[in-house]
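Written below as structure tokens is the structure these notes are about.
The values are calculated or read from the model by the stated rules, or taken from the named source; none is laboratory data. Small disclaimer: the values here were computed from a predicted structure and weren't measured. Every residue, glycine among them, receives a Cβ derived from its backbone with ideal geometry; neighbour counts consider all protein chains shown.
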Ligand code: 4AD
Ligand code: MG
């Protein structure tokens with residue numbers, strides 16, 4: 001049994017007879033005519049049934065279909081100006097594939113905890129479906145962007161022996177008699193890779209054992225991490241800006257239906273691609289927070305609330321660079337003009353979404369890096385391979401990481417990262 005047609009392809013098939021296979025969203029029936037909202041995973045469409053067009057037995061089955069029953073339909077594609085896609089189906093034949101009883105998600109309001117417990121069913125709902133489709137387009141935009149720029153995909157391992165983003169967020173696991181960690185970032189490996197292939201990127205799951213129950217934190221999330229040899233901080237900012245604009249552009253082009261369904265306002269997204277992103281230093285960002293009247297201690301890292309204040313000042317993403325050396329990881333390059341700050345950058349999304357990208361230029365000097373590793377209390381032996389990259393043909397290089405889930409939350413306009421992927425992992429959630 002092979003499905004012949006998908007709902008997403010129907011607009012080009014007006015007046016043709018098609019066969020669809022999918023699930024019942026809702027049935028409304030007056031006895032003489034029956035309207036079924038139907039979905040097949042590629043879209044939603046109204047199917048109209050009447051005894052004039054189909055046999056009496058199948059019409060009876062259609063009238064009594066319950067939510068999420070699986071059905072196959074043969075029918076004619078006709079115009080209907082009232083439908084969002086301009087078309088609907090007049091049913092000719094209907095076959096019940098499997099009957100669903102007592103589907104737990106009903107049109108009434110449900111609490112998020114309940115829905116998260118039945119995430120395996122919740123993902124069928126139109127909003128969740130739209131978010132997953134937009135996520136797919138975001139990921140496709142990312143892959144095309146780097147591919148078009150001649151990057152080589154060089155995925156990093158998940159099991160690692162070294163930390164990258166601080167020991168407090170490492171997931172530890174037993175590895176044949178020694179300790180291994182789940183990767184917090186592929187960056188260190190990409191630094192080696194970029195000296196092999198010039199422009200490297202990895203794209204995969206990363207892990208943070210953070211007990212933060214916020215709307216921006218997951219314990220497992222997907223990150224794309226480009227790394228480029230002979231690139232400095234300015235090049236890194238340009239690359240990040242181009243990536244975000246490519247993502248927004250593709251979603252605007254490919255997902256107008258999904259954005260409409262999510263009631264996402266389009267203007268803020270359009271302004272993202274209308275011009276360059278402002279670039280401000282950490283010091284300038286601190287000024288913005290102080291001017292707002294919010295309390296802030298100079299030298300601290302920005303929290304979610306601080307990022308909201310900074311990003312609300314601009315109508316497109318803002319790049320904040322040159323953070324204090326003291327609060328940043330060992331690998332960041334100290335500014336030669338002022339070693340108290342590093343040549344790093346964060347990209348903060350507008351509308352209060354905050355940091356979606358973190359990165360910058362890396363320390364390429366062997367001695368300076370060794371010193372920084374020691375100062376961070378790390379064992380230089382564990383990092384001997386990483387130090388080797390500096391011993392053999394060291395060059396200035398830079399890169400960044402973009403968190404997919406935060407990017408999806410921002411672009412879809414939803415309030416929490418837990419709805420941005422299929423089965424999110426958070427401190428309180430390992431199931432389903
Ligand atoms: O700022 P982060 O920690 O930077 C790094 O890991 C660098 N090593 C990346 C690099 O330069 N190659 O993380 C990068 C991005 C953040 O901006 C955010 O979008 C996302 O990863 N992120 C998270 N997303 C969801 N849940 C979490 N707990 C996240 N932590 C970081
Ligand atoms: Mg960061």
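Keeping to region 417-430, report how many residues are more than 15 Å from the chain's Cα centre (by Cα) and either surrounded by 14 or more Cβ atoms within 10 Å (Cβ to Cβ) or touching a residue at least 40 places away in the same chain (Cβ under 8 Å) (or both). Write out each step before concluding.
Initially, region 417-430 is screened for residues more than 15 Å from the chain's Cα centre (by Cα), giving 426-430.
Restricting the remaining residues to those that are either surrounded by 14 or more Cβ atoms within 10 Å (Cβ to Cβ) or touching a residue at least 40 places away in the same chain (Cβ under 8 Å) (or both) gives 426-429.
Residues flagged as more than 15 Å from the chain's Cα centre (by Cα) and either surrounded by 14 or more Cβ atoms within 10 Å (Cβ to Cβ) or touching a residue at least 40 places away in the same chain (Cβ under 8 Å) (or both) within region 417-430 amount to 4.
For region 307-328, what are the residues that are farther than 17 Å from residue 278 by Cα and in a helix (DSSP H, G or I)? Spell out the reasoning first.
To start, the set of residues in region 307-328 that are farther than 17 Å from residue 278 by Cα comprises 324-328.
Once the filter is applied, which keeps residues that are farther than 17 Å from residue 278 by Cα and in a helix (DSSP H, G or I), region 307-328 yields 325, 326, 327.
Go through region 142-170 and give me each residue that's part of a helix (DSSP H, G or I), at pLDDT 95 or above and within 16 Å of ligand 1 (Cβ to nearest atom). Lay out the reasoning, then the answer.
Start the filter on region 142-170 by keeping residues that are part of a helix (DSSP H, G or I), which leaves 142-148, 167-169.
The next check asks that each one be at pLDDT 95 or above; those that pass are 142-148.
Within region 142-170, 142, 145, 146 meet the criteria.
Which numbered condition trips up residue 299, out of (1) outside any strand (DSSP E or B); (2) in contact with a helix residue (DSSP H, G or I) (Cβ under 8 Å, 6 or more places away or on another chain); (3) within 12 Å of ligand 2 (Cβ to nearest atom)?
The failed condition is (3).
If you go through region 381-403 one residue at a time, do you hit one that is in a helix (DSSP H, G or I), in contact (Cβ under 8 Å) with a residue 12 or more places away in the chain and within 16 Å of ligand 2 (Cβ to nearest atom)?
no
Consider only pairs whose beta carbons are under 6 Å apart and that are at least six residues apart or on different chains; among these, list those whose first residue lies in region 354-373 and is without any contact (Cβ under 8 Å) to a residue 12 or more places away in the chain and closer than 22 Å to residue 391 by Cβ and whose second residue is away from ligand 2 (no atom under 16 Å from the Cβ) and outside any helix (DSSP H, G or I).
From residues that are without any contact (Cβ under 8 Å) to a residue 12 or more places away in the chain and closer than 22 Å to residue 391 by Cβ, there are no pairs.
Out of (1) more than 24 Å from residue 324 (Cβ to Cβ); (2) in a helix (DSSP H, G or I); (3) touching a strand residue (DSSP E or B) at 6+ places or on another chain (Cβ under 8 Å), what's the single condition that is false for residue 406?
The one condition residue 406 does not meet is (1).
If a residue has to be in contact with a strand residue (DSSP E or B) (Cβ under 6 Å, 6 or more places away or on another chain) and either on the phi > 0 side of the Ramachandran plot or part of a strand (DSSP E or B) (or both) to count, how many in region 186-216 make the cut? Reasoning before the result, please.
Within region 186-216, the first condition is being in contact with a strand residue (DSSP E or B) (Cβ under 6 Å, 6 or more places away or on another chain), and the residues that meet it are 186-187, 190-191, 193-195, 197-203, 205-207.
Subset that is either on the phi > 0 side of the Ramachandran plot or part of a strand (DSSP E or B) (or both): 198-203, 205-207.
Selection size over region 186-216: 9.
For residue 414, state whether it is buried (at least 17 other Cβ atoms within 10 Å of the Cβ), part of a loop (DSSP other than H, G, I, E, B) and away from ligand 1 (no atom under 13 Å from the Cβ).
Numbers: buried (at least 17 other Cβ atoms within 10 Å of the Cβ): yes; part of a loop (DSSP other than H, G, I, E, B): yes; away from ligand 1 (no atom under 13 Å from the Cβ): yes.
The answer is yes for residue 414.
Restricting the search to region 334-358, which residues are within 17 Å of residue 395 (Cβ to Cβ) and either within 16 Å of ligand 2 (Cβ to nearest atom) or assigned to a helix (DSSP H, G or I) (or both)?
The one that is within 17 Å of residue 395 (Cβ to Cβ) and either within 16 Å of ligand 2 (Cβ to nearest atom) or assigned to a helix (DSSP H, G or I) (or both): 343.
Of (1) closer than 20 Å to residue 261 by Cβ; (2) assigned to a strand (DSSP E or B); (3) touching a helix residue (DSSP H, G or I) at 6+ places or on another chain (Cβ under 7 Å), residue 105 satisfies all except one. Which?
The number of the failed condition is (2).
Could we say that residue 93 is at pLDDT 95 or above, closer than 18 Å to residue 29 by Cα and within 34 Å of the chain's Cα centre (by Cα) here?
Numbers: at pLDDT 95 or above: yes; closer than 18 Å to residue 29 by Cα: yes; within 34 Å of the chain's Cα centre (by Cα): no.
It is false that residue 93 is at pLDDT 95 or above, closer than 18 Å to residue 29 by Cα and within 34 Å of the chain's Cα centre (by Cα).
Can you say whether residue 155 is away from ligand 2 (no atom under 16 Å from the Cβ) and more than 19 Å from the chain's Cα centre (by Cα), as far as the supplied structure shows?
Details: away from ligand 2 (no atom under 16 Å from the Cβ): yes; more than 19 Å from the chain's Cα centre (by Cα): no.
Here the answer is no, as residue 155 does not meet what is asked.
Mind counting the residues in region 25-49 that are part of a strand (DSSP E or B), over 21 Å from residue 258 (Cβ atoms) and in contact with a helix residue (DSSP H, G or I) (Cβ under 9 Å, 6 or more places away or on another chain)?
Quick first cut of region 25-49, residues part of a strand (DSSP E or B) only: 25-29, 34-39, 44-49.
Then keep just the ones that are over 21 Å from residue 258 (Cβ atoms); that gives 27-29, 34-36, 47-49.
Narrowing further to those that are in contact with a helix residue (DSSP H, G or I) (Cβ under 9 Å, 6 or more places away or on another chain): 27, 29, 34, 36, 47, 49.
Qualifying residue count for the region: 6.
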